[in-house]
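The structure under discussion appears below in the form of C-alpha cells.
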Amino acid sequence: MDMVAGKVKMTQQSVNSAMNPTDMLERPIRLTAKDVTVHYGQKQALHGISIQIPDRAVTSFIGPSGCGKSTFLRCINRMNDTIEGAKVGGTIKLDGEDIYDPALDVVELRARIGMVFQKPNPFPKSIYENVAYGPKIHGLARSKTDLDEIVVSSLRKAGLFEEVKDRLNEPGTGLSGGQQQRLCIARAIAVGPEVILMDEPCSALDPIATAIIEELIDELRENYTIVIVTHSMQQAARVSQKTAFFHLGNLIEEGVTEDIFTNPVSKQTQDYIMGRIG
Amino acid sequence: MTDTLSNTHSASLERTKLIRAGLRRRHMSEAIFRGLGLAAIILALGFVALLFTDVFRKGIPAFTQSNLHLAVTFDPTVIDVGPAPARADFTSEAEYNAASLKWQRDVALLNWNTIIEQSMRAAAPAGYEIDTRALLTIPETDARHRVRAMFVENPALLGQTVDVDVLASANATNWIKGNINRDLSDAQQQLSPQARTLIDTFEANGTVSNGFAWSIFTNVDSRAAPASAGLLGAFVGTLWMMLIVVILAVPIGVAAAVYLEEFAPKSRLTDFIEVNINNLAAVPSIVFGLLGAAAFINYMHLPISAPIVGGLVLTLMTLPTIIIATRGALLGVSPALRQAALGMGASKTQMVFHHVLPVTFPSILTATILGVAHALGETAPLLLIGMKAFVASVPTTPFDQATALPVQIYLWQGNENRNFFEPRTAAAIMVLLAVMILLNGVAIYLRSRLEKRA
C-alpha cells in the first residue's frame, strides 16, 4: 500500500511538467472535427463542435453532466452508430480522412481508434482471451507465438502483466475494478490503435486505482493520441495537455490545459472551474 | 395544520397516537397479505402432493407383476413336425429355403396351447378338475408364442423339460393383487371358480409369484395379451420426436430470435412479426395438430402416425417458446458487453456470436429443454395426426408408425380392462413424469454449471 501511495505522489509531480505549453501548440494535428452535430431523434445533443486533437498528447473533455462531452467522444469512433435514432452531422477527419465517409469501414476505424469505457467491461473470458481477442479478429498475429507476444507486451504496456502473469487463464471479470480497467486498456492497445478514447475511465474506481491509471495514461501518451472525458477537473489538470470545456452541447472553450485552468477566457468556463456550475 | 406540526410535547404525543392507530391497520394488512401468499403456496403444493400421491399409490403396484413358473415339456407327440431341415441335406439353396419355410409353417400351425395346458396341469394338484378354456385364462395369451419361439430358436429342445417363466394374464394378476373384489358373485368375476381356486393353489405352492414388471420397459403395446403391454414403442416414438424437435426447433428458433433482436431493422413489419410470434405461443395445441394433418400429411404426403409428422408439429409448437425466451435472454445482455465488442472493432456478427450468444447460452439452453419437455407432454396435436393408432412395434426410423408416451397413457386410460390398466396407466404416467423431471433436472444442472463458468 505504501509503495502505491508513493507512486501516486510521484505521478502527480511528474504529470504536466513533461510538456510545456509551447510544445503543445507545435504538435501535429491528428484529428480534426468540423461543425459536428448530433441529434437523438428530435433532441439536438451537440451544436456544431469544431476542435483539433494533437498527436501523441492527452486531450481532455470536461464539463457538467449532459454537456455532450461523451456524445462527442463517441462520434470519434462512430459508436453513436449503434444508438437507435442518433444522427451525426459535420465532418471528423483522422489524418485528413473523413471517418464518416460511406466507403470507410467502421470495423477498420475502430481498430485504429480504440476505446475504454466508463465502467470496466472486460469480456467474460480469460485474461489472455480478453487481450488476444482484438488481434485475433483483425488477423494481426501470424502464429500462436506472435499472439502470446502481443498479449504479454500489451499487458506490460498497461502495467498489468506482473500482477496477472500467473493467472492468464483465469476470468478477467475476477480482477479488481482498477485491474479490470487496465485490462480493458491492454485489450485496446493490443490492436495497435493510433488513438485511444477514454470515457471517464476512472469514475468507477477508488483513488489508488485512479492514480495508477492516470500514471499509465501519462506513459501511454508517448505512443498514442489520447482523448479522455472526465468529470474531475483535477484529473484533467493532472493528465492532459489540452483541455476542451463543453456546456449544453456547445464547445465553450479549448486550449492548453494550463491556460484553461489558470486563465479561462469564458465566464462559463470560469464558473465551472470555480465550482459554481456543474 | 400548523397545530399538528408544532413541536410541543402534547402535539408530538398526539402525532405518535395517530401513527400508532394507523400502525395496527398497516400491520394487519401486511399479515393478511402474508397469510394469503402462504395459503396460496400451501394450496398449490397440496395439489401437487395430491397428484403425486395419487399417481404413485396407483402406479407403484403396477411395477410388480405375477409370473407363472412352469416346467414346460416339449412333448414330441404334440410337436410332430420332424427335425428342422439342415442345409447339408439339400442340393440347392432354393430347395432348402422351401423346406425351411414349410417346417416353420408347420411349427406355427401346431396348437402350442396344448403344451402350455400340459405344463399347467403338471403344476396343478393331481386330478384337479378344470376345463382347458378356464385353465388357459390363467397364463397370458402370449405364453404360447414364447414357448414356440424357444423351440424355433432351439429345435433340440424337443422331448426336454425346461423351466419357463410366463406372465400371468391380466385377469389372473387382478385376482392375485386383489384389484378385484373377491366377494363378487361368479357372474361378475372374469375368471371361473375353478381357475380362481387354482390360482390360489398356485400362489400357495409357489408356481405363481410377483416380480418386477420388466415388460413395461421391454415390450410394446398389446391388446391380445394386455399383461405384456409395455411402453417401449411409445418411448422410442417420443425419443424420435424429441430428436426432431431439438434438431429443428433449436437452430431455427435461436436464429430467428437473433435475427429479430440483433439485425432486423425496427419497422412496422418486424413489430407485426413480433406480435404474431407472441400470439403463436398461445395458440391451442390442437390447432397445431390440425395444421400438421393438413400441411404435412395431406399436402406433403408424409406418413400418417409417424414421429416425423409429430416432431414437425411439436417443432412448430416449441418455436415461439424458444424464440421468445432467446429474445428475452438477448435483451438482457448488458450493453457494456456489446460496446466492448464493438469498440474493439468486432463486426456485429462477431459481437453476436463471440460475446452475446455465449453469455446467453445457459438461458437459451434452459428455455429449450423446458420447451422440449413441454412439447413431449403434448397429446392433443398427436391425436389429430393419427398417433393414437394402436402400434405394436418399435419405430426404427421417424417414418415408421409409432405412438408417444402421453398418447399411450391416453390409450391405456381408455382400455376396457379397468382393473388392470388403471394401475398400468399410473405407471406410464410415472415414467412420463420421470422423463420430465430428468429433463428439468438436466436443465437446472446445466444452467448452474454454465453460469458458474461464465
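Criterion first (in contact with a Leu (Cβ under 8 Å, 6 or more places away or on another chain), of a type in the set (Ser, Thr, Tyr) and within 14 Å of another protein chain (Cβ to nearest Cβ)) does A:Thr37 satisfy it? Judged against the criteria, A:Thr37 is not a match. Just to be sure before I move on: is B:Val333 assigned to a helix (DSSP H, G or I) and of a type outside the set (Asp, Glu) in the structure I sent? It is false that B:Val333 is assigned to a helix (DSSP H, G or I) and of a type outside the set (Asp, Glu). Give the residue, chosen from A:Phe246, A:Phe261, that is in a helix (DSSP H, G or I) and more than 26 Å from A:Pro135 (Cβ to Cβ). Of A:Phe246, A:Phe261, the one residue that is in a helix (DSSP H, G or I) and more than 26 Å from A:Pro135 (Cβ to Cβ) is A:Phe261. Restricted to the stretch A:112-228, the set of helices (runs of 4 or more DSSP H) holding at least 3 residues that are away from chain B (no Cβ under 14 Å) comprises A:144-157, A:161-164, A:177-189, A:207-220.
Taking the stated definitions as given, is B:Ile323 assigned by TED's automatic domain parsing to the domain that holds B:Val283, modelled with pLDDT under 90 and either more than 30 Å from A:Ile137 (Cα to Cα) or under 35 Å from the mean Cα position of the chain (by Cα) (or both)? No. Got at least one residue in the stretch B:278-289 being at pLDDT 90 or above, of a type outside the set (S, T, N, Q), within 18 Å of the chain's Cα centre (by Cα) and part of a helix (DSSP H, G or I)? Among the residues of the stretch B:278-289, not one is at pLDDT 90 or above, of a type outside the set (S, T, N, Q), within 18 Å of the chain's Cα centre (by Cα) and part of a helix (DSSP H, G or I), which makes the answer no.
Where in the stretch B:339-454 are the helices (runs of 4 or more DSSP H), entirely inside, with at least 1 residues that are within 30 Å of A:Ala111 (Cα to Cα)?
Filter on the stretch B:339-454 gives B:357-376, B:418-453.
Restricted to the stretch B:297-330, and to residues that are among the polar types (S, T, N, Q) and assigned to a helix (DSSP H, G or I), which residue is nearest to the other protein chains (Cβ to nearest Cβ)? Out of the qualifying residues, it is B:Thr326.
Listed here are the residues, each with its yes/no results for (1) outside the structural domain of B:Glu117 (by TED's automatic domain parsing); (2) closer than 30 Å to B:Glu129 by Cα; (3) touching a strand residue (DSSP E or B) at 6+ places or on another chain (Cβ under 9 Å).
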{"position": "B:Asp163", "(1), (2), (3)": "no, yes, yes"}
{"position": "B:Ile199", "(1), (2), (3)": "no, yes, yes"}
{"position": "B:Phe202", "(1), (2), (3)": "no, yes, yes"}
{"position": "B:Ala227", "(1), (2), (3)": "yes, yes, yes"}
{"position": "B:Val246", "(1), (2), (3)": "yes, no, no"}
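Out of the residues in the stretch A:24-64 meeting the condition of being outside any strand (DSSP E or B) and within 15 Å of the chain's Cα centre (by Cα), tell me which one is farthest from A:Pro201 (Cα to Cα).
The selected residue is A:Asp55.
Among the conditions (1) more than 14 Å from every other protein chain (Cβ to nearest Cβ); (2) crowded, with 22+ Cβ neighbours inside 10 Å; (3) more than 14 Å from A:Val58 (Cβ to Cβ); (4) of a type outside the set (Gly, Ala, Ser), A:Asn250 misses just one, which is (2).
Among the listed residues B:Gln401, B:Gln408, which satisfies the condition of being in contact (Cβ under 8 Å) with a residue 60 or more places away in the chain and crowded, with 22+ Cβ neighbours inside 10 Å? Unique residue meeting the criteria: B:Gln408.
Could you list, ordered by first residue, the pairs with Cβ atoms under 8 Å in which the first is in the stretch A:252-278 and among the aliphatic types (A, V, I, L, M) and the second is assigned to a loop (DSSP other than H, G, I, E, B), at least 6 apart or interchain? Pairs that qualify, where the first residue is among the aliphatic types (A, V, I, L, M) and the partner is assigned to a loop (DSSP other than H, G, I, E, B), are A:Ile252/A:Gly63; A:Ile252/A:Ser266; A:Val256/A:Gln241; A:Ile273/A:Pro264; A:Ile277/A:Pro64.
Checking the structure you have, find out if any residue of the stretch A:96-105 is aliphatic (A, V, I, L, M), within 14 Å of chain B (Cβ to nearest Cβ) and within 29 Å of A:Gln179 (Cβ to Cβ).
Going residue by residue through the stretch A:96-105, those that are aliphatic (A, V, I, L, M) are A:99, A:103-104.
Filter once more, so that each one left must be within 14 Å of chain B (Cβ to nearest Cβ): A:99, A:104.
Next, from what is left, pick out any that are within 29 Å of A:Gln179 (Cβ to Cβ): none.
Within the stretch A:96-105, not a single residue is aliphatic (A, V, I, L, M), within 14 Å of chain B (Cβ to nearest Cβ) and within 29 Å of A:Gln179 (Cβ to Cβ).
Within the stretch A:137-152, if we keep just the residues that are within 23 Å of the chain's Cα centre (by Cα) and crowded, with 18+ Cβ neighbours inside 10 Å, the residue that is nearest to B:Thr349 (Cα to Cα) turns out to be A:Ile137. Which residue, of B:Pro423, B:Pro335, B:Pro406, B:Pro362, is within 17 Å of B:Gly311 (Cβ to Cβ) and either at pLDDT below 90 or assigned by TED's automatic domain parsing to the domain that holds B:Leu446 (or both)? After ruling out the rest, the residue left standing is B:Pro406. Please go through the stretch B:302-340 and pick out each residue that is among the small types (Gly, Ala, Ser) and farther than 16 Å from B:Val352 by Cα. B:Ser305, B:Ala306, B:Gly310, B:Gly311, B:Ala325, listed by residue number.
Picking from residues in the stretch B:1-20 that are of a type in the set (Gly, Ala, Ser) and surrounded by 10 or more Cβ atoms within 10 Å (Cβ to Cβ), the one that is modelled with the lowest pLDDT is B:Ser6.
Residues in the stretch B:196-215 that are assigned to a helix (DSSP H, G or I), within 30 Å of the chain's Cα centre (by Cα) and at pLDDT 90 or above: none.
The values are calculated or read from the model by the stated rules, or taken from the named source; none is laboratory data. Please read these numbers as outputs of a predicted model, since none were measured by experiment. A quick note on method: Cβ atoms are made from the backbone with ideal geometry, for glycine too, and the neighbour counts reach across all protein chains shown.
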